[in-house]
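Written out below as structure tokens is the structure these notes cover.
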Amino acid sequence: MCFMNAILQMLVFCGPFYYFLDRVSAASAKSFKDDTPLIETMILFMREFRVITKDSKSKIKSDDLEALGEPFAPEYFYEAIRKLKRFSHMRRGHQQDAEEFLGFLLDGLHEEAVEIMKKVEPRVAPKTNGVLKSEEAGWLEVGHKQKTTTTRTTEITESPITKIFGGTLRSVFSVPGLTKSVTKEPYTPLQLDIQAPEVKSVVDALKHLTFPEKIHGDFKSPKGPGVAATKQVFIETLPPVLILHLKRFQYDNKGGTQKIWKKIAYPLELEIPREAMSSAAKPPAPPKYRLIGVVYHHGSSAQGGHYTVDVLRQDAKTWIRFDDTTIQRVASKDVAIDVKDIGKYNDFDGEEQEGWVNNWEQVNGSGSSGNGQSKGEGKRYVGKDSKVAYILFYQRI
């Protein structure tokens, strides 16, 4: 169940999410627990952790910093999700994709939070954001040089979960001779493609998100049937807690699902590149985020291998590494990866090669000899280790 443990541990160390649970616990969780099993069990999980201080400015004693606590199994959480349909395939004792579990969990918490809001708050009319609605095509938006675009928005009901973790993407579809079409869609988390050779860091991946994609087809353009359309994606809004999913698994027609092994650089403080932001939403200064957690994947498949997590404590200074029942403090230099050091990890000689190419026991390094070569027939090991960042959590500064 390490895929669950890594995500649960990360969320309880996420300040805004912790405070959401704390407020719900004090206000309404007991009244609606029959309708909110996920929120109720997350509150129980939160209460397992001793609160050292609620004053962020107070100095934490060294004894408290060293007291990491004893591991425990949240059986009540496992029992709660076992009864929910969305988690039906996530059986105990079977490995699953941590990012998929995170998505299911946040979706479920969002739906439960919406139900609570319906009972405790009056319905509020949605804002129109100052755009004019057309008769059929969506919204007409006046942009650069007074040019209009047709804008469609995927509407979702807001909740504390979407306010903490949710952002919006702006997808622009352009056909020569026709009005641009814009679609705004929510994201949680933000999916980043890392396959391209030029993508060596999270910043590179954010810039790569906006690369135009050529699409061929008959779009009824007045310029003829042979024109190519262009699709381009930008970040429209950013959440207080930005979750970045590094897409490490891709489907190969020859070998099935393959893992992208290469290391990706990610900083302790991330500045969102201006190129990644939509022109309609570019802030005066680039938004800045602090790294608060990293979920790692060890192994060759999302449904196999092992998950661990590093989390930043609330003092924003010390890091803790969780590997199931093993808990230890780690230095920040052992968490972030500098883009200058990428060459130490990756071998770009035609393909990304790193780690054992066989099952989890080998990927974990249990069969490695001192010189980095495999003891088993047909197995090989390259690179420093098999641990790669899979999900990054950043909190806005």
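Only a single item in (1) more than 19 Å from the chain's Cα centre (by Cα); (2) at pLDDT 80 or above is not met by residue 300, and it is number (2).
What about residue 304, is it in a loop (DSSP other than H, G, I, E, B) and open to solvent by less than 30 Å² (accessible area, probe 1.4 Å)? Considered against the rule, which asks whether it is in a loop (DSSP other than H, G, I, E, B) and open to solvent by less than 30 Å² (accessible area, probe 1.4 Å), residue 304 comes out as yes.
Please go through the range 278-291 and pick out each residue that is open to solvent by 10 Å² or more (accessible area, probe 1.4 Å) and in a strand (DSSP E or B). Step through it out loud before you land on a result.
Pass one, the range 278-291, residues open to solvent by 10 Å² or more (accessible area, probe 1.4 Å): 279-286, 288, 290.
Within the range 278-291, 288, 290 qualify.
Filter the range 239-259 down to residues that are over 17 Å from residue 391 (Cβ atoms) and open to solvent by less than 50 Å² (accessible area, probe 1.4 Å), then give me how many there are. Matching residues across the range 239-259 total 2. Just one residue in the set 214, 207, 180 is open to solvent by 60 Å² or more (accessible area, probe 1.4 Å) and modelled with pLDDT of 95 or more; that residue is 207. When residue 310 is tested against (1) modelled with pLDDT of 95 or more; (2) within 22 Å of residue 235 (Cβ to Cβ), exactly one condition is not met: (2).
For the range 187-210, check the following and say yes or no: at least one residue is in a loop (DSSP other than H, G, I, E, B), touching a helix residue (DSSP H, G or I) at 6+ places or on another chain (Cβ under 8 Å), in contact (Cβ under 8 Å) with a residue 40 or more places away in the chain and closer than 18 Å to residue 280 by Cβ. Before you say what the answer is, go through the steps one by one.
Keep residues of the range 187-210 that are in a loop (DSSP other than H, G, I, E, B), which gives 188-189, 194-200, 209-210.
If we keep only those that are touching a helix residue (DSSP H, G or I) at 6+ places or on another chain (Cβ under 8 Å) too, we end up with 188-189, 194, 196, 198-200, 209-210.
Now narrow it down to the ones that are in contact (Cβ under 8 Å) with a residue 40 or more places away in the chain: 188-189, 194, 199-200, 209-210.
With the extra rule that they be closer than 18 Å to residue 280 by Cβ, the set shrinks to 209-210.
Looking for residues that are in a loop (DSSP other than H, G, I, E, B), touching a helix residue (DSSP H, G or I) at 6+ places or on another chain (Cβ under 8 Å), in contact (Cβ under 8 Å) with a residue 40 or more places away in the chain and closer than 18 Å to residue 280 by Cβ, one finds at least one in the range 187-210, hence yes.
Say we look at the range 328-356 and pick out the residues that are crowded, with 16+ Cβ neighbours inside 10 Å and either assigned to a loop (DSSP other than H, G, I, E, B) or in contact with a Pro (Cβ under 6 Å, 6 or more places away or on another chain) (or both); which of these is modelled with the lowest pLDDT? Only one residue tops the list, namely 356. Entry remark, the range 307-327: residues being assigned to a strand (DSSP E or B) and in contact with a strand residue (DSSP E or B) (Cβ under 7 Å, 6 or more places away or on another chain) number 12 in total. The criterion of at least 2 residues that are modelled with pLDDT of 90 or more and either surrounded by fewer than 19 Cβ atoms within 10 Å (Cβ to Cβ) or more than 20 Å from the chain's Cα centre (by Cα) (or both) is met, among helices (runs of 4 or more DSSP H) falling completely within the range 1-80, by 15-27, 37-47.
This table checks each residue for (1) at pLDDT below 95; (2) among the acidic types (Asp, Glu); (3) in contact with a strand residue (DSSP E or B) (Cβ under 8 Å, 6 or more places away or on another chain).
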{"residue": "259", "(1), (2), (3)": "yes, no, yes"}
{"residue": "262", "(1), (2), (3)": "yes, no, yes"}
{"residue": "266", "(1), (2), (3)": "no, no, yes"}
{"residue": "271", "(1), (2), (3)": "no, yes, yes"}
{"residue": "275", "(1), (2), (3)": "yes, yes, no"}
{"residue": "278", "(1), (2), (3)": "yes, no, yes"}
{"residue": "285", "(1), (2), (3)": "yes, no, no"}
{"residue": "305", "(1), (2), (3)": "yes, no, yes"}
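The values are calculated or read from the model by the stated rules, or taken from the named source; none is laboratory data. Not measured: the values here are computed from a predicted model. Heads up, the Cβs are rebuilt from the backbone with ideal geometry, glycines too, and the neighbour counts pull from every protein chain shown. To get the accessible areas, we keep the full protein, side chains included, count just its heavy atoms, and leave off ligands, DNA and RNA. Shrake-Rupley method; radii C 1.70, N 1.55, O 1.52, S 1.80 Å.
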